[in-house]
Amino acid sequence: MNEFPDMSQRIRTRFAPSPTGFIHLGNIRSALYPWAFARATGGDFILRIEDTDVERSSQAAVDVILEGMAWLGMQPDEGPFYQMQRMDRYKEVLAQMQADGLVYPCYMSMEELDALRERQMQAKQKPRYDGTWRPEPGKVLPPVPEGVKPVLRFRNPTEGSVVWEDKVKGRIEISNDELDDLVIARPDGTPTYNFCVVVDDVDMAITHVIRGDDHVNNTPRQINIFRALGKEPPVYAHLPTVLNEQGEKMSKRNGAKAVTQYRDEGYLPEAMINYLARLGWSHGDDEIFSREQFLQWFNLDHLGRSAAQFDEAKLRWVNAQHLKAMSDDALAALIAPLLQQRGVAADALADGRLPRICALFKDRCDTTLALAQWASVFYADVTPDAEEKAKHVTEAIWPAIESLRAALATCDWDKAAIAAAFKAVLAEHGLKMPQLAMPVRVLTVGTAHTPSVDAVLELLGREKIAARLRKA
Ligand code: GLU
């Protein structure tokens with residue numbers, strides 16, 4: 001009956017997104033922590049797609065979730081499981097609960113419910129179902145109306161309270177008289193959200209539910225259903241919201257980007273993991289760490305209690321630190337396909353220069369796209385920045401540029417020889433280094449702001465220099 005094995009001793013976490021739109025950074029952080037906790041403890045991480053809102057769910061949204069997780073290397077150990085494919089199981093549990101008297105049919109119509117709510121609001125009471133159809137010993141239920149299909153309601157305990165030790169929020173206690181009898185199946189027999197979540201968390205043997213705190217109100221209801229099923233509820237950790245830069249809840253409507261867009265904008269998955277990890281969790285003062293360190297360090301004891309605010313400038317900075325820390329060969333392997341996308345031929349890239357180009361420029365780039373932009377001038381044409389050209393490449397400097405071009409056509413090809421050629425031309429024309437280096441940079445690389453000019457020229461190669469140090 002149960003397709004999931006009993007793993008009572010093992011830590012099992014899950015990410016349970018609803019595929020109703022794209023997945024932004026706030027959403028993916030809800031995946032990061034359960035994933036990291038499972039990895040840090042040698043447990044299992046399960047992906048469950050909560051697609052019961054058929055109108056709003058789409059396969060395209062599922063694909064984006066999978067793509068984002070794959071990019072970040074957050075592979076689930078099990079799943080994706082789709083709730084829509086588990087309907088038979090939910091119905092089976094419902095039938096059992098009905099047989100055990102844990103749920104009861106309720107025939108109250110929408111109109112009656114509205115009227116009830118109206119009366120309660122007028123009496124300044126909290127709107128709640130009043131238990132009209134809840135069977136009790138000695139209670140006479142109203143006559144069953146004809147032709148009405150009932151909903152099934154869960155018999156919530158009326159006494160006592162639900163208490164849990166939330167790993168983020170601390171002890172939470174909700175009195176049962178705050179909770180009415182939840183509808184757990186609609187008139188057509190389809191199960192409702194909170195019920196499916198519990199059946200899944202039971203069947204999948206989830207030990208730790210780490211999710212957004214927009215679900216904290218569901219938790220006492222879910223705990224009561226767990227107990228009714230004779231199961232101990234998992235440990236809960238409700239993560240504070242991620243706010244956007246304006247301090248609003250992150251959402252597509254107010255400009256949040258899909259996770260995969262950051263991939264396309266040149267962010268490294270390592271950096272994204274690092275940045276997201278810090279958005280609600282800390283390890284001392286550590287700001288920059290690797291995936292391995294994060295997975296070693298992560299636990300539920302250092303989750304932040306207050307809402308975290310997204311800061312793109314900080315993300316860029318984190319990305320820059322990870323770029324800088326990468327080996328030149330690894331960076332070159334990332335940059336090569338970006339250059340090919342820009343039309344550079346694969347064999348042009350095979351000449352071994354790319355790792356050295358990456359080494360020279362990685363310090364001044366905060367994304368792989370920026371690095372690819374620099375690298376492209378070594379393989380493709382360059383268009384000098386018009387303003388910089390006007391400023392640095394003056395008529396007066398051309399004779400010196402011509403001399404340099406002639407010297408570079410015949411000198412040995414290494415940094416020292418190029419530097420010596422510069423020196424000789426400067427002496428010949430009575431110039432200072434910047435007076436010549438600036439225009440040469442603008443003409444050869446497109447801008448005056450580059451690393452050491454002899455290193456750049458060496459990598460650029462004699463031919464490209466001869467072509468670029470020419471009056472148009
Ligand atoms: N499907 C819910 C959501 O996307 C998550 C439910 C849960 O984690 O329990 O918000």
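The values are calculated or read from the model by the stated rules, or taken from the named source; none is laboratory data. Everything numeric in this text was worked out from a predicted model, so none of it was measured. Please note: Cβ atoms are built from the backbone with ideal geometry, for glycine as well, and neighbour counts cover all protein chains shown.
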Inset, instruction - Please verify whether the stretch 78-99 includes one or more residues that are on the phi > 0 side of the Ramachandran plot and in contact with a strand residue (DSSP E or B) (Cβ under 8 Å, 6 or more places away or on another chain). - result: yes
Inset, instruction - Kindly list the number of the only condition in (1) surrounded by fewer than 17 Cβ atoms within 10 Å (Cβ to Cβ); (2) on the phi > 0 side of the Ramachandran plot; (3) within 15 Å of the chain's Cα centre (by Cα) that fails for GLY212. - result: (2)
Inset, instruction - Could you pull out every one of the strands (runs of 3 or more DSSP E) wholly within the stretch 167-229 that has 1 or more residues that are more than 12 Å from the ligand (Cβ to nearest atom)? - result: 170-175, 183-185
Inset, instruction - Taking LEU141 as meeting all but one of (1) of a type in the set (A, V, I, L, M, F, W, C); (2) within 14 Å of the ligand (Cβ to nearest atom); (3) part of a loop (DSSP other than H, G, I, E, B), write down the number of the exception. - result: (2)
Inset, instruction - Starting from the stretch 186-197, keep only residues that are free of Cβ contacts under 8 Å to residues at least 40 places away in the same chain and more than 18 Å from PRO220 (Cα to Cα), then list their pairs with residues that are within 16 Å of the ligand (Cβ to nearest atom) and outside any loop (DSSP other than H, G, I, E, B) whose Cβ atoms are within a distance under 7 Å, requiring at least 6 positions of separation or different chains. - result: none
Legend entry - Count - residues of the stretch 326-336 that are out of contact with any Lys or Arg (no Cβ under 9 Å at 6 or more places or on another chain) and assigned to a helix (DSSP H, G or I): 6
Legend entry - Yes/no for ALA375 being at pLDDT 95 or above, within 14 Å of LEU443 (Cβ to Cβ) and either in contact with a Cys (Cβ under 8 Å, 6 or more places away or on another chain) or crowded, with 19+ Cβ neighbours inside 10 Å (or both): no
Inset, instruction - Would you mention how many residues in the stretch 102-125 are closer than 30 Å to LYS231 by Cβ and loosely packed, with under 10 Cβ neighbours inside 10 Å? - result: 0
Inset, instruction - With respect to TYR262, determine if the residue is aromatic (Phe, Trp, Tyr) and within 13 Å of the ligand (Cβ to nearest atom). - result: no
Inset, instruction - Kindly provide the set of residues from the stretch 13-67 that are over 27 Å from GLU245 (Cα atoms), away from the ligand (no atom under 12 Å from the Cβ) and of a type outside the set (D, E, K, R), ordered by number. - result: PHE37, ALA38, ALA40, THR41, GLY42, GLY43, PHE45, VAL54, SER58, GLN59, ALA60
Inset, instruction - For VAL144, state whether it is among the hydrophobic types (A, V, I, L, M, F, W, C) and either closer than 24 Å to PRO233 by Cβ or surrounded by 12 or more Cβ atoms within 10 Å (Cβ to Cβ) (or both). - result: no
Inset, instruction - Provide a single number: the residues in the stretch 71-92 that are farther than 25 Å from ALA38 by Cα, of a type in the set (Lys, Arg) and out of contact with any Gly (no Cβ under 7 Å at 6 or more places or on another chain). - result: 1
Legend entry - Positions within the stretch 114-149 being more than 19 Å from GLN98 (Cβ to Cβ) and of a type in the set (D, E, K, R), in sequence order: ASP114, ARG117, GLU118, ARG119, LYS124, LYS126, ARG128, ASP130, GLU146
Inset, instruction - Could you grab me the full set of residues in the stretch 167-207 that are closer than 30 Å to ALA38 by Cβ, acidic (Asp, Glu) and buried (at least 19 other Cβ atoms within 10 Å of the Cβ)? - result: ASP200, ASP201
Legend entry - Considering residues of the stretch 68-83 that are farther than 26 Å from VAL199 by Cβ and of a type in the set (Gly, Ala, Ser) only, the residue farthest from the ligand (Cβ to nearest atom): GLY73
Inset, instruction - Filter the stretch 420-455 down to the residues that are in contact with a Phe, Trp or Tyr (Cβ under 9 Å, 6 or more places away or on another chain), in a helix (DSSP H, G or I) and touching a residue at least 40 places away in the same chain (Cβ under 8 Å), then identify the one that is farthest from PRO384 (Cα to Cα). - result: PRO439
Legend entry - helices (runs of 4 or more DSSP H) (entirely within the stretch 250-324) containing at least 1 residues that are out of contact with any His (no Cβ under 8 Å at 6 or more places or on another chain) and farther than 21 Å from ASN27 by Cβ: 291-297
Inset, instruction - Working carefully through the options GLN373, GLN340, find the one that is out of contact with any Gly (no Cβ under 8 Å at 6 or more places or on another chain), within 30 Å of GLN435 (Cα to Cα) and free of Cβ contacts under 8 Å to residues at least 24 places away in the same chain. - result: GLN373
